[in-house]
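Engineer: I have a structure here, written as structure tokens, and I will follow up with some questions on it.
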């Protein structure tokens, strides 16, 4: 969201909604459900902000399995194979790889 706002201030208004890839199907369901009930009343006010953004069409939340969540490369300890695969999905490579091609 902050990047979207920075771009708008610079005069680059994004058309359509910003897609947020999420590996929690429960969070996605809560973001789309406008009803606040007993089980969700403890949720932080910041989440209500996201719910409003989804309702207004500013953001769209889509499911992405944990296995394919590229953000995990920066936030979780991973097996080497998973790290290399996610790093490649980000488009990051070793300097030696670039020099050898």
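The values are calculated or read from the model by the stated rules, or taken from the named source; none is laboratory data. The structure displayed is predicted, hence computed values, not measured ones. Glycine gets a Cβ as well: all are built from the backbone with ideal geometry, and neighbour counts include every protein chain shown.
Engineer: Could you tell me how many of the residues in region 54-70 are part of a loop (DSSP other than H, G, I, E, B) and exposed (fewer than 12 other Cβ atoms within 10 Å of the Cβ)?
Structural biologist: 3
Engineer: Look at residue 54 and say whether it is more than 23 Å from residue 89 (Cα to Cα), in contact with a helix residue (DSSP H, G or I) (Cβ under 6 Å, 6 or more places away or on another chain) and modelled with pLDDT of 80 or more.
Structural biologist: The answer is yes for residue 54.
Engineer: Turning to a different aspect of this structure: Working only within region 71-87, note down all residues that are surrounded by 12 or more Cβ atoms within 10 Å (Cβ to Cβ) and farther than 14 Å from residue 21 by Cα.
Structural biologist: 73, 76, 78, 82, 83, 84, 85, 86, 87
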